[in-house]
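Q: One structure, pasted below without further comment.
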Protein chains: 4
Amino acid sequence: MEIEIGFLGLGIMGKAMSLNLLRHGFKVTVWNRTLSKCEELVEHGASIGETPAAVVKKCKYTIAMLSNPSAALSVVFEKDGVLEQICEGKGYIDMSTVGADTSSKISEAIAEKGGQFLEAPVSGSKKPAEDGQLVILAAGEKVLYEKAIPAFGVMGKKSFYLGQVGNGAKMKLVVNMVMGSMMNAFSEGLVLADSSGLSQQTLLDVLELGAIANPMFKMKGPTMIKNSYPPAFPLKHQQKDMRLALALGDENAVSMPIAAAANEVFKKARSLGFGDQDFSAVHEAVKATNPST
Amino acid sequence: MEIEIGFLGLGIMGKAMSLNLLRHGFKVTVWNRTLSKCEELVEHGASIGETPAAVVKKCKYTIAMLSNPSAALSVVFEKDGVLEQICEGKGYIDMSTVGADTSSKISEAIAEKGGQFLEAPVSGSKKPAEDGQLVILAAGEKVLYEKAIPAFGVMGKKSFYLGQVGNGAKMKLVVNMVMGSMMNAFSEGLVLADSSGLSQQTLLDVLELGAIANPMFKMKGPTMIKNSYPPAFPLKHQQKDMRLALALGDENAVSMPIAAAANEVFKKARSLGFGDQDFSAVHEAVKATNPST
Amino acid sequence: MEIEIGFLGLGIMGKAMSLNLLRHGFKVTVWNRTLSKCEELVEHGASIGETPAAVVKKCKYTIAMLSNPSAALSVVFEKDGVLEQICEGKGYIDMSTVGADTSSKISEAIAEKGGQFLEAPVSGSKKPAEDGQLVILAAGEKVLYEKAIPAFGVMGKKSFYLGQVGNGAKMKLVVNMVMGSMMNAFSEGLVLADSSGLSQQTLLDVLELGAIANPMFKMKGPTMIKNSYPPAFPLKHQQKDMRLALALGDENAVSMPIAAAANEVFKKARSLGFGDQDFSAVHEAVKATNPST
Amino acid sequence: MEIEIGFLGLGIMGKAMSLNLLRHGFKVTVWNRTLSKCEELVEHGASIGETPAAVVKKCKYTIAMLSNPSAALSVVFEKDGVLEQICEGKGYIDMSTVGADTSSKISEAIAEKGGQFLEAPVSGSKKPAEDGQLVILAAGEKVLYEKAIPAFGVMGKKSFYLGQVGNGAKMKLVVNMVMGSMMNAFSEGLVLADSSGLSQQTLLDVLELGAIANPMFKMKGPTMIKNSYPPAFPLKHQQKDMRLALALGDENAVSMPIAAAANEVFKKARSLGFGDQDFSAVHEAVKATNPST
């Protein structure tokens, strides 16, 4: 592989993703706000860029994986940022999870400089990132998407091209909305089983064998029946995604009573103090009864 | 195998289940209201009983797989029915899907005669029945359950013993309630995707790769996006199960807002004329908009 | 007035209603299970009947106001009950609040004896009963309704004839369903006001002046904002009426998402231990947050 | 009365309100974008200001009643606008219905110039405006509120001082949210009555006599049962207020399942094409069944 790829952001996700690129023979120049985090990558063959601008200057295209929208914006717009070097012939691929607003802002700024832009949020967290098993939801410049396919191929098990910028974020919202409603339905089932004198563990076993068996029930069920919710995807973020999905539906007058009801239960869980625990902690709001009973 | 098993009811399900018993070496005596249906089974080695009573007289234990509660009741209580011959040392296993009321009525009558009773509704339809891949939800006499394990082993991939009579029916309600809510959540996701300019097929592909991938989405999704709902599990039956699950929750003051919201959408679908189509036809109620748009 | 009216049941409601009949010149023969309760009525000019049968024997038509369905049934069907003397030319008017089932059972038994029957549940409790301000929802024999109009005229401010037996009960369910949903909406408004830094008392004042001002908000609001719910109409009865109204809708495939959502909140309130308090105690389920906040 | 009051905006509402001021002896200087609309007011004794700035220059305090947020903003910020003349000792009272954002923007700009600001949206439409029967929800400078009391006294039947800027808008949202949920509950009651064989007109009569009787049911019921929804408050605006109220609740983790369910039905009504009709047209979404049935 002769193409030099830039990589901005070496958090849990970014580190795993850039390591996969290196392992598969890509030449990678990395940057991280805390530069010390770059060292392990250098051991695996990475070069270091001093600033986002320096990385973009050196590389044909640059991938970013930042922790939140404000980090995603500052890497582009601040001094020594991506905008200073992006130009015709260069591409920028933001794989961070940001809203449509942030994505549009970055997209427009890159386009004004003549560069190409792709938003490419992922589905999957630490383990799939390490295993190169992410699902990549890309949207923006088709040409850039095609150039990125080899890189996507080692970071994920599958990538989708979804059309115009914003569609990646929207697809994530739709998926997370279905997931949030399902989690509520699952929790109601567990509570109904328990209150009806049925074993929750048996319910999990029965579900596992049937038409609605899915990895989420299998993974979260055993901890939920122990009232334990180690945070993988925080409840407050799940509730935010429900809210944004409902807002997306509002724009187009789509009535979604199940998602709306689920959103209110997530809000109840937030009000009960579970916002920072895993989104499966909605279970506490579903079963909540008199503390004395 | 020296034990003689009786089998009452040779509809789609019963025929497939009794064939599996015969194929695995069980001696089976069959009965069906329309006796001609017994012939194929005789070709596979079955004996014929003239009446339910005759079958019970001949066999240590007898399995029933009838199409509805009234058939389940008449086979037991009518002239030449099960009650006339059931006695101490004999067992009766009803695998039909009936409510807790019907099950209790049969259970009490059998017990009065000194017989043993097991309710054992199944999860799974024609194909799993043929493949011996049913999931069996048994409840009632533990001793009879243990005797039935070899037979359950060839009809199903897994059987559960759930305690007292009624628990089999309840477990089915819990599972179907979760399933009904999930179907609504899935449908809302499809409608939101479509109205937001995303491809529904791509949504199916993305879901298939993620944490909430499940056989139901995979099986029903492709037909739903074509507005086609070939009846596997009729919507009116799904709605009835939602109603019964909510009633079960009501007894124990369990609040289930998602199931309640889903139930109302199923009712809307019924009012739109989709009661006899597959329960995935709830999709029509979710997306329903002005016919002219 | 020369017509003799029988009156069975002298609880809080029945006593007030029969007193109004006496005050307006009706001749009334009363009976109560605890006969001592008849004394005050005798002071106001009533005669006493020893048994329900004796009352019916003496009077052209007899009114009953019993506390619950089982009392309503035993007064008719037990020894010395209404059925022993009811016959052609006599009428029986049950003003108790009972379900359609109970009502039909009584109706059929009376009709078999040649008697006339009217169900006539009332809207309004102690105070309206004392003031002759009840609203009477009558259904059954039209001829009997017309005969009863003078008596209804002094017990209530308005009576309605609703057609066949069962319609009185149904009308009460519809009204109570709307009331239950409104109570939830009101409670959500109070909680939203409070959490947004607005005075709940001011909200009550603003509501009182606007298009949705109603006696219930005015009466219940001031106690609700003090977390006080002195039982006028117990929450468990309100929830039962929501459930029955939803079941009525289910029969006709009427989708009622608001009532369904409200029903689930009432169930939550029951699970929190508020079943015996006033139905306005649903407020506790609406605002329920972490005990520590 | 010696105080000169400015009045900006002579639409249906503003004209009625300024007329009431004139009739009660206030000296009023009016301005309207289309100046010809000022003539009728002049006949009743008003002076004319050439521009908003001219009005503010002349008057101690100025009231505005504009049709929407953008009109409210331009009257303040554009050339010859309020900001050019507002200063210490002068007050500005915006009675238009605008969001908290717009209100804050105006409030800050006025404060920067040393002026005083009050937001004072009203509850009530044309008729109450003409009759001086509005309900005024004021928030902002307490001192200015006290000065405005005499003017509020002739325009409304009651004014409330609600604290900091934004609280007027919030109170309106809370009230409208309760109203929207109630309208849904009412519609469900009408549909349930009809489908159960009860007369909808009788239901209206029964409701009118009971604890939940309110002007809205009385006013909207008769047209709703005729499927007629002459626009008084457009459905799309009601749905927007539901959305904003839910968003307000989201900020503080207030769970409001009834409002959320009602919002989804309003969205369904929008998708059915009823956005521009009266908000009572939600009735069409509640009853919507197969066109052929």
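Q: Using the Cα centre of segment C:1-57 as origin and beta-carbon charges of +1 (Lys, Arg) and -1 (Asp, Glu), tell me which of C:GLY25, C:ILE3, C:MET13 is placed farthest towards the positive end of the dipole.
A: Selected residue: C:MET13.
Q: If you don't mind, another one. Apply 1/(1 + (r/R0)^6) to the Cβ-Cβ distance of A:SER67 and C:GLN133, taking R0 = 51 Å, and write down the FRET efficiency to the nearest 0.05.
A: Here the calculated transfer efficiency is 0.15.
Q: What is the helix-to-structure angle for C:167-195, meaning the angle in degrees between its Cα long axis and the longest Cα principal axis of chain C, kept from 0 to 90 and rounded to the nearest 10?
A: 20
Q: I would also like to ask the following. Can you give the average number of partner chain beta-carbon atoms within 10 Å of each beta-carbon in peptide C:168-178, as a whole number?
A: Details: counts 1, 0, 5, 7, 1, 5, 13, 8, 3, 5, 15.
Shielding by partners across C:168-178 averages 6.
Q: Any idea what % of Cα-Cα pairs in segment B:170-287 are farther than 21 Å?
A: Beyond 21 Å sits 36 percent of the P(r) for segment B:170-287.
Q: Something else: Quick one: dipole size for the protein assembly as shown, taken about the Cα centre, charges +1 on Lys/Arg Cβ and -1 on Asp/Glu Cβ, in debye to the nearest 20.
A: It works out to roughly 0 debye.
Q: Give the cross-link partners of A:LYS220 among the lysines, using a straight C-alpha distance below 22 Å as the criterion and excluding same-chain residues fewer than 8 apart.
A: Hits, sequence-local ones excluded: A:LYS126, A:LYS127, A:LYS172, A:LYS236, A:LYS240, A:LYS267, A:LYS268, A:LYS287, B:LYS172, B:LYS218.
Q: Something else now. Where does helix D:215-224 land angle-wise versus the long Cα axis of chain D, in degrees 0 to 90, nearest 10?
A: The helix D:215-224 is inclined about 60 degrees to chain D.
Q: Can you order the peptides D:214-223, C:249-258 by their average number of other Cβ atoms within 10 Å per residue, highest first?
A: Ranking, from highest mean packing down: C:249-258, D:214-223.
Q: Would you please put D:135-142, A:110-117, C:62-69 in order of how densely packed they are, using the mean number of other Cβ atoms within 10 angstrom per residue and starting with the highest?
A: Descending packing order for the listed peptides: D:135-142, C:62-69, A:110-117.
Q: Let me ask something additional. Distances in nm, one decimal, shortest first, from C:PHE77 to the same residue in every other copy, taking the label point 7 angstrom along Cα→Cβ.
A: For C:PHE77, the inter-copy label distances come out at 1.8, 7.5, 7.7 nm.
Q: Can you give the average number of partner chain beta-carbon atoms within 10 Å of each beta-carbon in peptide B:243-250, as a whole number?
A: Whole-number average of other-chain Cβ neighbours for B:243-250 is 5.
Q: Quantify how strongly other chains surround peptide C:267-279 by giving the mean number of their Cβ atoms within 10 Å of each of its Cβ atoms.
A: 4
Q: Relative to 2.2 N^0.38 Å, what does the C-alpha radius of gyration of segment B:8-84 come to as a ratio? Two decimals please.
A: That ratio works out to 1.00.
Q: If the label for D:PRO231 sits 7 angstrom from Cα along the Cα-to-Cβ line, what are its distances to the same label in every other copy, in nm to one decimal, shortest first?
A: 4.4, 4.7, 5.0
Q: 7 Å from Cα along Cα→Cβ at both B:LYS79 and A:GLN164: what's the point-to-point distance in nm?
A: 7.6
Q: To confirm my reading of the symmetry, which residue of chain A has the Cβ nearest the axis that brings A onto D, and what whole-Å distance does it have?
A: Result for the A and D rotation: A:ALA260, 2.
Q: Using a simple charge model, +1 on the beta-carbon of Lys and Arg, -1 on the beta-carbon of Asp and Glu, nothing else, what dipole does segment C:204-293 show about its Cα centre, in debye to the nearest 20?
A: 220
Q: Sorted from shortest, what are the nm distances separating the label point of B:GLU108 from equivalent points in the other copies, each placed 7 Å from Cα along Cα to C-beta?
A: Sorted ascending, the copy-to-copy spacings read 2.0, 7.3, 7.3 nm.
Q: Here's a follow-up. Order these by the 10 Å Cβ neighbour count, fewest first: C:TYR92, B:TYR161. List each step's numbers first, then the result.
A: Working: C:TYR92 31, B:TYR161 21.
So the ranking, lowest neighbour count to highest, is B:TYR161, C:TYR92.
Q: Evaluate Rg over Rh across the protein assembly as shown, taking Cα atoms for both radii and Kirkwood's formula for Rh. The partial results should precede the final answer.
A: Working: Rg = 35.3 Å, Rh = 34.1 Å.
Ratio of gyration radius to Kirkwood radius for the protein assembly as shown: 1.04.
Q: Quick check for me: using +1 on Lys/Arg Cβ and -1 on Asp/Glu Cβ, what's the dipole size of chain A about its Cα centre, in debye to the nearest 20?
A: The dipole of chain A has a size of about 180 debye.
Q: So, one more: Mind jotting down the distance between the C-alpha centroids of segment D:50-93 and segment C:170-186, whole Å?
A: 47
Q: I need the Debye-formula profile for segment C:42-89: one equal scatterer per C-alpha, no solvent, reported as log10 I(q)/I(0) at q = 0.14 1/Å, two decimals.
A: -0.35
Q: What number do you get for segment C:4-164 when its Cα radius of gyration is normalised by 2.2 N^0.38 Å, N = residues?
A: On the way: Rg = 13.8 Å, N = 161, 2.2 N^0.38 = 15.2 Å.
With N residues counted in segment C:4-164, Rg over 2.2 N^0.38 Å equals 0.91.
Q: For a quick protection proxy, order the peptides C:196-208, A:118-130 by their average other-Cβ count within 10 Å, most packed first.
A: A:118-130, C:196-208
Q: Using Cα atoms only, what is the angle between the long axis of helix A:100-112 and the major principal axis of chain A, expressed in degrees (0 to 90) to the nearest 10?
A: Long axis of A:100-112 versus the principal axis of chain A: about 10 degrees.
Q: Can you give the convex hull volume per residue for the Cα atoms of chain C, as a whole number of Å³?
A: Cα-based convex hull of chain C, divided per residue, equals 148 Å³.
Q: Right, here's the next one. Rounded to the nearest 5, what % of the DSSP beta bridges within the protein assembly as shown are antiparallel ones?
A: Antiparallel bridges make up about 15 percent of those DSSP assigns within the protein assembly as shown.
Each value in this text was obtained by applying a stated rule to the coordinates, not by laboratory testing. The shown structure was predicted, so the numbers you read here are calculated from the model rather than taken from an experiment. Cβ atoms come from the backbone with ideal geometry, glycine included; neighbour counts cover every protein chain shown.
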